[in-house]
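K.L.:
Here it is: the structure, laid out below.
The values are calculated or read from the model by the stated rules, or taken from the named source; none is laboratory data. Since this is a predicted model, take the numbers as computed values, not measurements. Methodologically, a virtual Cβ is constructed for each residue, glycine included, from the backbone with ideal geometry; neighbour enumeration extends over all protein chains shown.
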Amino acid sequence: MLTRTALNRALLARQHLLARTTEPLPAVVAHLIGLQAQNPWSPYVGLWSRRAGFVHDEIGSALVERTATRIAVMRGTIHLVTAADTLLLHGLTAPLYGKDLRVNATHAAPLRSVHVPDVTAAARALVEGEPLATTELGRRLAERWPDLPAATLAYAARNTLPMVQVPPRGVWGRSGATTWTTAWSWLDDTYAAACPDLTDPAVYAVELERLVLRYLAAFGPASVADAQTWSGLTGLRPVFERLRDRLVRFVAAPEPEDDRPASARTPRRRPGRELFDLPDAPRPDPDEPAPVRFLPDYDNLLLGHADRSRVIDDAARQRLRSPNGVVPPTVLVDGRVGATWSVSRERLAPPGSRPRRELATLTVHPFTRLDPSVRREVETEGEAFVQFMADDAAEHRVVVAPA
């Protein structure tokens, strides 16, 4: 039986959040099976908190040198992944995108009047001729299919092709429109040659098992529902059953009763839910200290399980709710979400003065009053973090707001 704290420390250890790793960037990104990258800056924060000595240029160089890509894979969201994982993860998550084309409330109906493989082929020729923004791709496709919405045609292309975002998108300190081409065109041919033929059901089944094992290495111990939530795929129970003899199994310990009314609670982990894990994966002592860590918005630590109680409780989840569903960047305190953060800038001299000087302020909003020692730890970690986030600012400060 594993307690919530035991699950927390196991997850933090595998996510390199108990102690920063010194492994090379490609190895870290591969182990994590990518980092959520809806916003260009998000993986920078995620890696700064996980890898010792991480600097901005490591991601920028990887994108420019084409050893990493930004592509929509798990859960239909953009991730920073290694070049070696780009086509593999796209192929393994393809059922998610195929289903979406059939049921999407906006695009499914108009796509029934067109042969989608024809749209895919036309889109591939266009973006491999030159990288295109989504709107421009849709406009050009609509020249051939004028009766269909341009946005729908572009959506079909995105869901059927391994489309990667082309730099400077995602490069720290650079800006530019989001433009797309295919991974086949962007990456060295050796990556396509090395990718298994995932159209073969037997090969797909083997590679899906390997993906589940990788998931457990980075997010376990975990249930079938956890793996499905992380990937966006369904029907993973048979995969776990095939792997059962290679895994160890645990039971989730019951949680303390919540004294709030039942109507105010979120669903709890069922005591006795079966959790799977790799035999030799780290499972630290639950009493091992967990340092303060800053996380980006939508970090996979918070999105990688159906049951997220190992890292966030009901009260904190309520604090993170927003009308538009945006998940703010968070701070781990004793291994659990205990605060949010933001960085703001202000001029130190009148507009137009040169050189431009700015003060960058990291503001931490704790959910409860912090003990003095914890507050000092937040401030110490925050001082290094704000200098990373605003490396071009002249001055930096950390403010811990009242709870």
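K.L.:
I'm checking my understanding of the structure. Among residues of segment 3-28 that are crowded, with 19+ Cβ neighbours inside 10 Å and in contact with a strand residue (DSSP E or B) (Cβ under 6 Å, 6 or more places away or on another chain), which one is nearest to PRO282 (Cα to Cα)?
P.N.:
Out of the qualifying residues, it is LEU17.
K.L.:
Looking only at segment 300-330, which residues are closer than 23 Å to VAL399 by Cα and buried (at least 23 other Cβ atoms within 10 Å of the Cβ)?
P.N.:
Across segment 300-330, the qualifying residue is only THR330.
K.L.:
Right, here's the next one. From the list TYR191, TYR204, TYR215, TYR155, which residue is closer than 30 Å to LEU278 by Cα, buried (at least 20 other Cβ atoms within 10 Å of the Cβ) and over 19 Å from the mean Cα position of the chain (by Cα)?
P.N.:
Values: TYR204 fails: buried (at least 20 other Cβ atoms within 10 Å of the Cβ); TYR215 fails: over 19 Å from the mean Cα position of the chain (by Cα); TYR155 fails: closer than 30 Å to LEU278 by Cα.
From the options TYR191, TYR204, TYR215, TYR155, the qualifying one is TYR191.
K.L.:
While we're here: Say whether the condition of being in contact (Cβ under 8 Å) with a residue 24 or more places away in the chain, within 22 Å of LEU12 (Cα to Cα) and of a type outside the set (A, V, I, L, M, F, W, C) is met by at least one residue in segment 342-359. First the steps, then the outcome.
P.N.:
We begin by selecting, within segment 342-359, every residue in contact (Cβ under 8 Å) with a residue 24 or more places away in the chain; these are 343, 345, 348, 357-359.
If we keep only those that are within 22 Å of LEU12 (Cα to Cα) as well, we get none.
No; the residues of segment 342-359 include none that is in contact (Cβ under 8 Å) with a residue 24 or more places away in the chain, within 22 Å of LEU12 (Cα to Cα) and of a type outside the set (A, V, I, L, M, F, W, C).
K.L.:
Could you list, ordered by first residue, the pairs with Cβ atoms under 7 Å in which the first is in segment 207-218 and more than 17 Å from ALA94 (Cβ to Cβ) and the second is among the acidic types (Asp, Glu), at least 6 apart or interchain?
P.N.:
Partner pairs satisfying both residue conditions: LEU216/ASP277.
K.L.:
Somewhere in segment 294-309, is a residue of a type in the set (Asp, Glu), farther than 22 Å from SER223 by Cβ and within 20 Å of the chain's Cα centre (by Cα)?
P.N.:
Looking only at segment 294-309, we keep the residues that are of a type in the set (Asp, Glu), and these are 297, 299, 307.
When the remaining residues are screened for being farther than 22 Å from SER223 by Cβ, the result is 297.
So of that shortlist, the ones also within 20 Å of the chain's Cα centre (by Cα) come out as 297.
For segment 294-309, residues of a type in the set (Asp, Glu), farther than 22 Å from SER223 by Cβ and within 20 Å of the chain's Cα centre (by Cα): present.
K.L.:
Among the residues of segment 331-361, count how many are loosely packed, with under 12 Cβ neighbours inside 10 Å and of a type in the set (Asp, Glu).
P.N.:
Adding up the residues that qualify gives 1.
K.L.:
Kindly indicate which of VAL119, VAL64 is buried (at least 22 other Cβ atoms within 10 Å of the Cβ) and closer than 27 Å to ARG140 by Cβ.
P.N.:
VAL119
K.L.:
State whether the residues of segment 107-129 include one that is at pLDDT 95 or above, under 30 Å from VAL45 (Cβ atoms) and out of contact with any Pro (no Cβ under 7 Å at 6 or more places or on another chain).
P.N.:
The answer is yes; a qualifying residue exists.
Residues are listed down the side, and each one gets a yes or a no for (1) in contact with a Ser or Thr (Cβ under 9 Å, 6 or more places away or on another chain); (2) in contact (Cβ under 8 Å) with a residue 24 or more places away in the chain:
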{"site": "ASP118", "(1), (2)": "no, no"}
{"site": "ALA123", "(1), (2)": "yes, yes"}
{"site": "LEU132", "(1), (2)": "yes, yes"}
{"site": "ARG139", "(1), (2)": "no, no"}
{"site": "PRO146", "(1), (2)": "no, no"}
{"site": "ALA150", "(1), (2)": "yes, no"}
{"site": "TYR191", "(1), (2)": "yes, yes"}
{"site": "ASP197", "(1), (2)": "no, no"}
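K.L.:
Now a separate question. Do we have any residue at all in segment 343-351 that's within 24 Å of TRP41 (Cα to Cα), touching a Lys or Arg at 6+ places or on another chain (Cβ under 8 Å) and modelled with pLDDT under 95? Don't jump to the end; show me each part of the working.
P.N.:
Taking segment 343-351 first, the residues within 24 Å of TRP41 (Cα to Cα) are 343-347.
Filter once more, keeping what is touching a Lys or Arg at 6+ places or on another chain (Cβ under 8 Å): 347.
Still in the list and also modelled with pLDDT under 95: 347.
Looking for residues that are within 24 Å of TRP41 (Cα to Cα), touching a Lys or Arg at 6+ places or on another chain (Cβ under 8 Å) and modelled with pLDDT under 95, one finds at least one in segment 343-351, hence yes.
K.L.:
How many of the residues making up segment 29-65 are touching a strand residue (DSSP E or B) at 6+ places or on another chain (Cβ under 6 Å), part of a helix (DSSP H, G or I) and under 19 Å from ALA290 (Cβ atoms)?
P.N.:
Residues that pass the stated criteria total 1.
K.L.:
Could you list all residues from segment 127-143 that are over 29 Å from the mean Cα position of the chain (by Cα), more than 20 Å from GLY98 (Cβ to Cβ) and surrounded by 13 or more Cβ atoms within 10 Å (Cβ to Cβ)?
P.N.:
Here is the first cut: in segment 127-143, the ones over 29 Å from the mean Cα position of the chain (by Cα) are 129, 139-143.
If we keep only those that are more than 20 Å from GLY98 (Cβ to Cβ) too, we end up with 129, 139-140, 142-143.
Once the filter is applied, which keeps residues that are over 29 Å from the mean Cα position of the chain (by Cα), more than 20 Å from GLY98 (Cβ to Cβ) and surrounded by 13 or more Cβ atoms within 10 Å (Cβ to Cβ), segment 127-143 yields ARG139, ARG140, ALA142.
K.L.:
Hey, another quick one. If I go through segment 67-106 residue by residue, how many of them are in a helix (DSSP H, G or I), at negative phi and in contact (Cβ under 8 Å) with a residue 12 or more places away in the chain? I'd like the intermediate steps shown before the answer.
P.N.:
Let us first name the residues in segment 67-106 that are in a helix (DSSP H, G or I), namely 74-76, 83-92, 94-103.
Now restrict to residues that are at negative phi: 74, 83-92, 94-103.
Remaining after also requiring in contact (Cβ under 8 Å) with a residue 12 or more places away in the chain: 74, 83-92, 94-98, 100-101.
Total satisfying the criteria: 18.
K.L.:
Looking at VAL400, VAL364, VAL374, which one is over 30 Å from VAL171 (Cα atoms) and either surrounded by 13 or more Cβ atoms within 10 Å (Cβ to Cβ) or at pLDDT 95 or above (or both)?
P.N.:
Numbers: VAL400 fails: over 30 Å from VAL171 (Cα atoms); VAL364 fails: over 30 Å from VAL171 (Cα atoms).
Within the list VAL400, VAL364, VAL374, the selection yields VAL374.
K.L.:
Okay, next question. Please verify whether LEU32 is touching an Asp or Glu at 6+ places or on another chain (Cβ under 6 Å) and not small (Gly, Ala, Ser), treating the condition exactly as stated. Please lay out each step first, then the result.
P.N.:
Working: touching an Asp or Glu at 6+ places or on another chain (Cβ under 6 Å): no; not small (Gly, Ala, Ser): yes.
Spelling it out, it is not the case that LEU32 is touching an Asp or Glu at 6+ places or on another chain (Cβ under 6 Å) and not small (Gly, Ala, Ser).
K.L.:
Just checking, does segment 15-34 include any residue being under 20 Å from PRO196 (Cα atoms) and of a type in the set (D, E, K, R)?
P.N.:
Looking through segment 15-34, none of the residues is under 20 Å from PRO196 (Cα atoms) and of a type in the set (D, E, K, R).
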